[in-house]
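Scroll down for the structure; my scribbles are underneath it.
Every number in this text was worked out from the coordinates using simple rules, so none of it is lab data. Because the structure is predicted, anything quoted here is derived from the model rather than measured. When we count neighbours, we look across all protein chains shown, and the Cβ atoms used for this are built from the backbone with ideal geometry, even at glycine.
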Amino acid sequence: MSTLTVLDPTGYPPKIAAKALAPRLDTLNGRTVYLVDCRFDDSDIFLAQMQAWFAEHMPSVKTVLKRISSVYLVDDPKTWEEIKARGHAAILGVGH
Amino acid sequence: MTIEAKYGVPTVAVHTDKFDKVVRSVADVNGMPGLAQVFVPQPIMGKTPGELRAYVDGTDPTTGRSVMQEVIEGLTLPRDGARARVEYDRSTPRLVEADTEEHLHRVFLERNWTDHLPIVLPTEARVAAMLAGTRRKPDEVVGRMRSTHFREYWEYTVEKVAVNAVMAGARPDYFPVILALAATGVTARGSSSSAVAAMAVVNGPIRHEVGMNAGTGAMGPYSHANATIGRAYGLLSQNGQGGSVPGLSYMGNQGNSYAYNSVTFAENEERSPWAPFHVQHGRSAGDSAVSVFSGVRSTAFTLGLREKHWREHVGHLLRGMDPHGPPVLLLDPIAARQFVDRGGFAKKDALIDWLHDTARMKAGEYWDYQLIQNYIYPRATFGEEPWASKLKAAPDEEIPMFRREDIHVIVVGGETNGYWRIMGCNYQKTEPVDAWR
C-alpha cells in the first residue's frame, strides 16, 4: 500500500526551566503556617475548617488565614512578601 | 508555584480531585514536578462547613491517604524533584512518520489533533498550496497561545497554521483570515471549567472575496468559508497551544458545541444601520479585519421589538445573562432597524448606552453571583473600579450588571425574520487581515 508523508500540526513548546523547591521544615511545631485563600468558590470556608483542625490536633502550630489581594489570576507579591517575612510555610487552596 | 520557587516558602497546594491530572501537568511544565499537591473531593462550592470539615478529616481521593497527613508531610518531608535548576528543550517534529492514509487518520485521532470529525491530511503538497495564500514566509512566527492562565505559551509558525488550515478543509484564499485569527493569540480552546468557546467576526472586503456568509444561515453550517475558517481557528488553537484534552488540558464541564467552528461569520455591513464593528475598533471601512471574542457560553434570544413593552423585554433578556458574561447583541438587520425605529438609536453608541443603563440588578443579588464572587468581588476589594464603587451600594440599590465597554452590537442575518440573540462573551481584539495576505 502507498504511504503518505504529512506534517505535524502541533506548535512549539517553550524550554522548561526546572526550579528548585524550597527546603522543607524539620517540624511544624512552633511555626507559623499561612492558610492562603485563593478566593475561588468557597475556599475560605474550607480553609477555616483546616485552621480548626490545626487548633484541635496541632495547637503548637500558629495558623494565619490570609486572603489573596485580588483574583487568583493576578500575582500577589505583597501577600507573598508577608508570608515570607512572618511565616514559615503556606497552604494554598482551593485550586479547581 | 511562585511562593515556593521565588520566595522560598515551603508550600502545599490543595486542589479538588477532578483537577489532579491538569495541575500535575502544569507543575511539570513549570519545572516543578515535585510540588506538593493534595486533593480533596469536588465540589467545594455550596458545601456546608461541616461537609468541608469532613473533607479535611477525610482522605485524598487520588491516593486514599489522609488529607492532613499529606499536607503535613508536604511541608516537612523532602520532595522528589527538589533538584537544582536545569533547563531542557522540548521540540515537535515537522513531519509525521510516513504511513498509509487510513493509519494516519487514526494517528491524528489518537494524538488528539482533531475535533473528532474527519480531517484532510496535511500532505506537503496541500500545505504548500495553502502557503501560496500568503506572502509570509513559512517559518515566520505568527503568535503564541495557551489554554489557561497557568499553562505555558506555545508558539506557531505560518507553516503550522497552514497545516491546521488544510486539516480543517479551508481553501488557500481563506488563509489570510486564518493567519489573522492565529495572530490574535486568543485561543479558541480555552480550558475553563465553564466550557467556553470563541467567536470570530469578519469585516471588510475579504468577506466577499472569499465568499463568507453574513446573511441567511451565517452562523450555521451553510458556508464553506465560515465553516472551515472557524474550524481552522479551533484546530490551530488546540494544536498550536499544545493540546486540548479533557481532564488534562481541557476542563470544560459540559463542553460547548459552539467550539466546532468558533461561531465564525461575517458582519452584514451592507444591511446594518450602523458603522461596521471593525470601524468602531479603529479600522477603516475598506480594511479587512477579524474580531475575536472569548468566553462564549450563554445565549438569549427573542423576536423583534414589540411597541409597548420592548424595553422591558430586552431588560429581562439582559438580566437573564450571568453578570460575568457581558452581552454581545447579534442583530438581524430587521431587529437592528427596529432598535433605531423604536428607541431612536441612530448611532450604535446610543444603543450601548441604553443597554448599559437598562441592565441593572439589586446590588445584593449581583454580589451573590458565584462568578462575581470568584472573579469580580476580589478585584472590588482590591480597589479596582468600577467594582470598588459598586461595593458601596446598599443591597437594594440597582446597579449596572456590566461595564459599558464590555457591551457590543453586531449585525448578522438574512432578514428572513427579525429574530436576534445575545451572546454572553468577552471581546478581545481586532486583527487586520490585509497584513497577512
Checklist entry - Which FRET efficiency value, to the nearest 0.05, is calculated for B:Glu110 and B:Tyr419 with the Förster distance at 41 angstrom and r the Cβ-Cβ distance? => result 0.50
Item to check | For q = 0.15, 0.19 Å⁻¹, Debye-computed log10 I/I(0) when each Cα of segment B:336-409 counts as one equal scatterer | outcome: -0.57, -0.79
Next on the checklist: Could you work out [θ]222 nm for the protein assembly as shown from helices alone, using -39500 (n - 2.57) per DSSP H run of at least four and dividing by all its residues? Round to the nearest 500 deg cm²/dmol.
Outcome noted: -9000 deg cm²/dmol
Checklist entry - What ³J(HN,Hα) values, in whole Hz, does the Karplus curve 6.51 cos²θ - 1.76 cosθ + 1.60 give for segment B:299-311 when θ = phi - 60°, with x put for Gly and Pro? => result 9, 10, 8, 7, 10, x, 9, 6, 4, 7, 10, 4, 5
Item to check | For B:Glu415, distant residues with modelled amide H under 5 Å away | outcome: B:Ile334
Checklist entry - Hull surface divided by four, with the convex hull built on the Cα atoms of chain A: how many nm²? => result 11.4
Checklist entry - Of the cross-linked pairs A:Lys84/B:Lys21; B:Lys362/B:Lys429; B:Lys18/B:Lys47, which ones have a Cα-Cα span greater than 21 Å in the structure shown? => result A:Lys84/B:Lys21; B:Lys362/B:Lys429
Checklist entry - Between segment B:107-161 and segment B:376-437, what is the C-alpha centre distance in whole Å? => result 31
Item to check | Antiparallel content of DSSP bridges confined to chain B, in %, to 5 | outcome: 70
Checklist outcome for this item: Output field shielding_mean for A:52-62 (other chain Cβ, 10 Å radius) holds 2
Next on the checklist: Give the average, rounded to an integer, of partner chain Cβ atoms located within 10 angstrom of each Cβ in B:49-56.
Outcome noted: 5
Next on the checklist: Just to confirm a number: summing +1 for Lys and Arg and -1 for Asp and Glu over residues other than B:Asp28 whose beta-carbon lies under 13 angstrom from that of B:Asp28, what do you get?
Outcome noted: +2
Checklist entry - What is the set of long-range amide H partners of B:Thr16 at a cut-off below 5 Å, with H atoms built 1.01 Å from backbone N? => result A:Gly95, A:His96, B:Val40
Checklist entry - Where Rh denotes the Kirkwood radius from the mean inverse Cα pair distance, what is Rg over Rh for the protein assembly as shown? => result 1.01
Item to check | Charge dipole (debye, nearest 20) of segment B:2-76; +1 at Cβ of Lys and Arg, -1 at Cβ of Asp and Glu | outcome: 160
Checklist entry - How big is the gap, in Å, between the Cα center of segment B:21-52 and the Cα center of segment A:14-84? => result 13
Item to check | Prolate/oblate/rounded call for segment A:37-93, Cα gyration tensor, a/c under 1.5 rounded | outcome: oblate
Checklist entry - Given springs between every Cα pair under 10 Å in a Gaussian network model of chain B, which of B:Ser191, B:Ser294, B:Ser272 has the largest fluctuation? => result B:Ser272
Next on the checklist: To check you understand DSSP bridge types, tell me what percent of the beta bridges within the protein assembly as shown (both residues inside) are antiparallel, rounded to 5.
Outcome noted: 60
Item to check | Cβ charges +1 (Lys, Arg) and -1 (Asp, Glu), total dipole of the protein assembly as shown, debye | outcome: 520
Checklist outcome for this item: The ³J(HN,Hα) series, computed from each phi in segment B:368-373 with the Karplus coefficients 6.51, -1.76 and 1.60 at θ = phi - 60°, rounded to the nearest Hz and given as x for glycine or proline, is 8, 4, 4, 5, 5, 4
Next on the checklist: Starting from 0.36 nm per residue, how many nanometres of slack lie between B:Ser66 and B:His103 once their C-alpha separation is accounted for?
Outcome noted: 8.7 nm
Next on the checklist: Can you compute the charge dipole magnitude of segment B:360-400 about its Cα centre, using +1 on each Lys and Arg Cβ and -1 on each Asp and Glu Cβ, nothing else charged? Give it in debye, rounded to the nearest 20.
Outcome noted: 80
Checklist entry - With chain B treated as a Gaussian network of Cα nodes joined by springs under 10 Å, which of B:His15, B:His324, B:His408 yields the largest mean-square fluctuation? => result B:His15
Checklist outcome for this item: Output field shielding_mean for B:377-388 (other chain Cβ, 10 Å radius) holds 3
Next on the checklist: For a quick check, take a GNM of chain B with Cα springs below 10 Å and name the residue from B:Asn261, B:Asn426, B:Asn30 with the largest mean-square fluctuation.
Outcome noted: B:Asn30
Checklist entry - Could you give the length gained on full extension between B:Tyr260 and B:Glu140, defined as 0.36 nm per residue of separation minus the Cα-Cα distance, in nm? => result 40.5 nm
Item to check | Prolate/oblate/rounded call for segment B:360-400, Cα gyration tensor, a/c under 1.5 rounded | outcome: oblate
